Amino acid sequence: MTNADNEYDVVIAGGGLVGLSLAAALGKADFSVAVLEAREPVRDWPADSVDLRVYAITRASQRLFESVGAWSAIEPHAGPFRDMRVWDAGGTGDIHFSSADLGEPYLGHIIESRVIETALLDVVDSLPAVQRLCPAVVQGFESGDEQQTVELEDGRRLTAKLLVGADGKASRIRDQTGIKVRAADYGQQALVAVVSTGRPHEETAWQRFLPTGPLAFLPLADGRSSIVWSATSHEAERLLALDETEFCAELTRAFDRRLGEVTGCGERVLFPLRRQHAERYIAPRIALVGDASHVIHPLAGQGVNLGLKDAGELAATLSDARARERDIGSMPVLRRYERARRGDNAAMMLAMDGFKHLFGSRIPPLRWMRNAGLNLVDAAPLVKNQIMRSAMGL
Ligand SMILES: Cc1cc2nc3c(=O)[nH]c(=O)nc-3n(C[C@H](O)[C@H](O)[C@H](O)COP(=O)(O)OP(=O)(O)OC[C@H]3O[C@@H](n4cnc5c(N)ncnc54)[C@H](O)[C@@H]3O)c2cc1C
């Protein structure tokens with residue numbers, strides 16, 4: 001349990017959505033936990049504003065939030081989506097996924113990052129076994145046989161049986177452990193914004209594959225849509241520089257007028273897109289979760305969902321090890337976590353890369369194949385259901 005000597009079972013570096021979820025799951029299981037976050041969270045915002053970071057949250061992630069007691073605070077602000085439509089700008093390929101075909105009420109929810117973060121912070125702050133230190137910047141750590149000693153920039157020191165790197169794509173914990181990443185630049189940036197449209201979004205997540213990259217419209221609870229427009233870096237910079245009227249007109253055309261005219265657009269922000277996969281997720285008394293271990297293309301909105309699966313799996317692995325009186329920082333215990341998650345994450349990364357290359361191609365046989373493929377899948381209910389279940393994280 002928490003004690004005055006700064007000794008913990010687990011220290012988590014990084015209190016993003018993945019680090020906080022892990023802290024909540026471990027705290028509920030009565031592990032003593034410190035979660036260290038450099039950035040002060042935003043807890044108040046104007047009622048009519050929308051966070052630019054908006055996530056498509058799968059049913060699997062929803063279950064994790066339910067299990068830690070955060071979902072009831074998230075749900076009133078979550079926009080369910082019941083359908084998903086994907087089509088190709090370069091042909092006739094069109095696919096429609098519907099929750100009704102699965103006998104489910106919805107496929108997932110579109111939720112602002114800050115809504116999830118606030119709910120998780122409230123859970124974490126209510127757990128006596130968890131201490132949240134913020135602002136607290138992890139400077140480095142020293143590995144011992146029995147424990148890790150974590151050093152903060154302000155000179156504080158904490159010890160733990162296990163140090164978890166939940167510190168995002170530029171993870172200091174990963175780099176200082178000497179774990180290398182396989183990385184590739186997609187040569188794309190994602191333009192993110194909140195827009196209003198002439199027609200209602202129909203609680204549908206829309207995605208159109210353009211030759212320059214995918215364009216997604218995600219339905220928000222307030223009737224607006226959050227867009228993620230991935231494009232070559234040069235094209236993304238050009239779109240960012242347009243004035244609002246010009247941008248809305250281009251967006252309307254790029255989206256095939258599926259939701260009528262785009263009538264308004266808030267702040268636009270670019271995110272560079274890069275694929276990154278850590279060669280290992282573990283080292284003695286170290287585990288990596290979330291973007292610290294894998295960063296994927298946002299085209300299927302799976303990044304944070306995969307990280308939340310990491311958090312759920314690591315919490316289950318550590319609980320099981322403790323029940324069997326095993327050392328939670330030992331390699332045999334941590335290997336179970338790595339085995340469970342690495343393959344799943346790698347498969348999703350491979351699928352995203354495949355989609356990106358297939359839909360980015362102008363080569364006629366590939367264009368024909370992807371259009372035929374989309375239509376074929378659309379006409380095959382069993383395959384379609386399987387894809388949908390996998391995208392829902394079920
Ligand atoms: C344009 C775009 C759209 C996306 N859309 C989706 C989507 O729809 N669905 C989805 O599932 N995913 C999506 N993603 C991916 C998602 O944003 C990431 O996967 C997710 O934010 C990773 O969460 P994390 O907690 O692992 O890392 P982060 O959110 O990066 O959190 C890491 C935390 O660690 C802290 N930190 C870092 N270093 C230190 C240190 N030394 N000391 C203390 N604290 C530290 C940081 O301040 C930060 O709060 C999208 C990504 C992009 C770019």
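The values are calculated or read from the model by the stated rules, or taken from the named source; none is laboratory data. From a predicted model like this one, the values you see are computed outputs, not experimental measurements. Virtual Cβ from ideal backbone geometry, glycine too; neighbours counted across all protein chains shown. Remember, those area values only see protein heavy atoms, side chains included, never the ligands or the DNA or RNA. Shrake-Rupley method; radii C 1.70, N 1.55, O 1.52, S 1.80 Å.
Contact annotation: residue pairs with Cβ atoms under 9 Å, 6 or more positions apart or on different chains, pairing a residue in segment 327-339 that is in contact (Cβ under 8 Å) with a residue 12 or more places away in the chain with a partner that is among the aromatic types (Phe, Trp, Tyr) and open to solvent by less than 30 Å² (accessible area, probe 1.4 Å), are 328/31; 334/281; 337/281; 338/281. Scanning segment 84-112 for residues that are under 18 Å from residue 72 (Cβ atoms), outside any strand (DSSP E or B) and either open to solvent by less than 40 Å² (accessible area, probe 1.4 Å) or in contact with a Cys (Cβ under 8 Å, 6 or more places away or on another chain) (or both) yields a single hit, 106. Within segment 14-34, not a single residue is within 15 Å of the ligand (Cβ to nearest atom), over 23 Å from residue 170 (Cα atoms), open to solvent by 70 Å² or more (accessible area, probe 1.4 Å) and touching a residue at least 24 places away in the same chain (Cβ under 8 Å).
The condition of being in contact with a helix residue (DSSP H, G or I) (Cβ under 9 Å, 6 or more places away or on another chain), more than 14 Å from the ligand (Cβ to nearest atom) and modelled with pLDDT under 95 holds for only one of 88, 48, 122, that being 88. Looking only at segment 239-264, how many residues end up being surrounded by fewer than 18 Cβ atoms within 10 Å (Cβ to Cβ) and in contact (Cβ under 8 Å) with a residue 40 or more places away in the chain? Qualifying residue count for the region: 7.
Check segment 268-275 and report whether any residue there is more than 10 Å from the ligand (Cβ to nearest atom), modelled with pLDDT under 95 and closer than 19 Å to residue 168 by Cα. Walk me through it before giving the result.
Pass one, segment 268-275, residues more than 10 Å from the ligand (Cβ to nearest atom): 268, 275.
Okay, now just the ones that are also modelled with pLDDT under 95, so 275.
Subsequent filtering for residues that are closer than 19 Å to residue 168 by Cα retains 275.
Yes, segment 268-275 contains at least one residue that is more than 10 Å from the ligand (Cβ to nearest atom), modelled with pLDDT under 95 and closer than 19 Å to residue 168 by Cα.
A count restricted to segment 320-342 and to residues that are open to solvent by less than 50 Å² (accessible area, probe 1.4 Å) and over 20 Å from residue 284 (Cβ atoms) stands at 0. Taking the conditions exactly as written (closer than 16 Å to residue 287 by Cα and at pLDDT below 95), does residue 175 satisfy them or not? The answer is no for residue 175.
Of the candidates 319, 233, 293, 225, the single residue that is in contact (Cβ under 8 Å) with a residue 60 or more places away in the chain and within 16 Å of the ligand (Cβ to nearest atom) is 293. When segment 126-148 is filtered for residues that are within 15 Å of the ligand (Cβ to nearest atom) and part of a strand (DSSP E or B), the ones remaining, listed by number, are 131, 132, 133, 138, 139, 140, 141, 148. Is segment 44-65 home to any residue that is of a type outside the set (Phe, Trp, Tyr), open to solvent by less than 10 Å² (accessible area, probe 1.4 Å) and more than 30 Å from residue 99 (Cβ to Cβ)? No, because not a single residue in segment 44-65 is of a type outside the set (Phe, Trp, Tyr), open to solvent by less than 10 Å² (accessible area, probe 1.4 Å) and more than 30 Å from residue 99 (Cβ to Cβ). Filtering segment 296-308 to residues that are more than 7 Å from the ligand (Cβ to nearest atom) and open to solvent by 10 Å² or more (accessible area, probe 1.4 Å) leaves 296, 299, 300. The residue pairs whose first member lies in segment 134-155 and is acidic (Asp, Glu), whose second member is near the ligand (Cβ under 8 Å from one of its atoms), and whose beta carbons are closer than 7 Å, counting only pairs six or more residues apart or on different chains, are 151/139; 153/137; 153/139. Of the set (1) under 16 Å from the mean Cα position of the chain (by Cα); (2) of a type in the set (S, T, N, Q); (3) over 15 Å from residue 170 (Cα atoms), all apply to residue 293 but (3).
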